[in-house]
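Working notes, beginning with the structure itself.
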Amino acid sequence: MHEALGHGQGGGGGTRPLSGRIAVAGKGGVGKTTISAGLARLLAREGAAVYAVDADPDVSLGLALGVPAQDLAALPPIIAARDLVLSRTGEGTMLLLNPAVDDLLSSYGLWHEGIRLFRMGGVKGGGTACYCPENSFLRAMLSSIVLRKGEMVLLDMGAGIEHLTRGTARGVDLMLIVTESGRASLDTAATIGRLAAQIGVREIRYVGNKVRNELERQAMRAAFGDKLAAMIGLHEEVMDAAAGGRAGDLEGPFGHQLKELLGKVLSIVSMSQETR
């Protein structure tokens with residue numbers, strides 16, 4: 001049995017697991033990192049031990065979590081630590097595809113308000129066929145984090161899901177794909193969903209963000225049906241915070257909608273774990 005997290009907002013009450021693996025993906029600019037950070041902060045407030053993994057090279061999950069800029073500057077993406085990478089993987093014909101990295105989880109990253117942040121950096125060119133030292137190291141780190149027990153792991157994935165292998169994908173309890181109502185965003189979200197299903201992600205749901213009116217709500221329902229977990233409104237104060245590199249306010253309307261989403265997320269995670 002998983003230790004339970006009491007969570008009464010939006011999810012119908014009951015108990016929720018303290019451990020789970022949630023990946024969040026989406027086209028750039030849809031608000032994916034804001035939602036990832038908000039979920040991580042809410043989980044930490046509920047007493048969960050949260051591992052937040054910034055696997056999107058284009059934006060900073062740390063800023064959205066409220067980590068001071070000077071602290072982030074002292075924690076460059078782990079992909080930039082080439083000496084460390086090569087010390088674990090080797091290089092050339094002696095490259096280790098599954099380097100030992102478990103010990104790094106206690107020494108790398110930083111704590112902020114109950115959340116341990118890991119900055120991964122981007123997978124190098126060549127996708128899943130590229131077996132360079134950096135890619136091997138990143139995937140080993142991600143696998144070690146995803147397969148841990150006892151924490152809530154939240155992965156901010158970006159539009160691509162190149163960090164995930166079939167092995168780590170099967171360890172993910174739920175992938176949330178954030179989208180806006182525009183056709184390009186909806187198409188990207190659907191593509192991410194198909195790719196995630198192909199590599200073994202068991203549960204996939206969609207989150208409509210910056211929703212302004214009924215026409216946009218209808219477009220999202222038509223695209224995703226009962227796989228649409230939530231629709232979150234357009235909140236200017238949240239967009240202003242994101243533009244300024246600040247953590248968003250979780251006490252207003254955005255926070256209320258995010259709490260409702262969290263209730264659904266935890267219910268799906270719990271069911272996913274029970275059926276493994």
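The values are calculated or read from the model by the stated rules, or taken from the named source; none is laboratory data. All values derive from a computational prediction rather than experimental measurement. Reconstructed Cβ throughout: ideal geometry from the backbone, glycine too, with neighbour counts over all protein chains shown.
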Of the residues in segment 176-202, how many are farther than 15 Å from Ala159 by Cα, buried (at least 20 other Cβ atoms within 10 Å of the Cβ) and under 16 Å from the mean Cα position of the chain (by Cα)?
-> 1
Please list, ordered by first then second residue, the pairs with beta carbon atoms under 7 Å, 6 or more apart or interchain, first in segment 196-217 and at positive phi, second part of a helix (DSSP H, G or I) and at pLDDT below 95.
-> Gly200/Arg166; Gly200/Ala169; Gly200/Arg170
Across segment 234-276, what is the total count of residues that are at pLDDT 95 or above and farther than 18 Å from Leu42 by Cα?
-> 0
For segment 251-276 the number of residues that are in contact with a His (Cβ under 9 Å, 6 or more places away or on another chain) and surrounded by 14 or more Cβ atoms within 10 Å (Cβ to Cβ) is 8
Give Gly125, Gly121, Gly150, Gly158 a once-over and let me know the one that is on the phi > 0 side of the Ramachandran plot, surrounded by fewer than 16 Cβ atoms within 10 Å (Cβ to Cβ) and modelled with pLDDT under 80.
-> Gly150
Only one residue in Arg217, Arg205 is closer than 18 Å to Val30 by Cα and more than 17 Å from the chain's Cα centre (by Cα), so which one is that?
-> Arg217
Flag for Asp83 being modelled with pLDDT under 95 and surrounded by fewer than 24 Cβ atoms within 10 Å (Cβ to Cβ) | yes
Of the candidates Ala223, Ala247, Ala229, the one satisfying the condition of being assigned to a helix (DSSP H, G or I), in contact (Cβ under 8 Å) with a residue 12 or more places away in the chain and either surrounded by 15 or more Cβ atoms within 10 Å (Cβ to Cβ) or of a type in the set (S, T, N, Q) (or both) is Ala223
Do any helices (runs of 4 or more DSSP H) entirely within segment 27-80 hold 2 or more residues that are surrounded by fewer than 21 Cβ atoms within 10 Å (Cβ to Cβ), and if so, which?
-> 32-45, 69-73
Here the residues within segment 251-263 that are of a type outside the set (Lys, Arg) and under 19 Å from Gly208 (Cβ atoms) are Gly252, Pro253, Phe254, Gly255, His256, Gln257, Leu258, Glu260, Leu261, Leu262, Gly263
Quick count over segment 232-244, residues being in contact with a helix residue (DSSP H, G or I) (Cβ under 7 Å, 6 or more places away or on another chain) and part of a loop (DSSP other than H, G, I, E, B), is 1
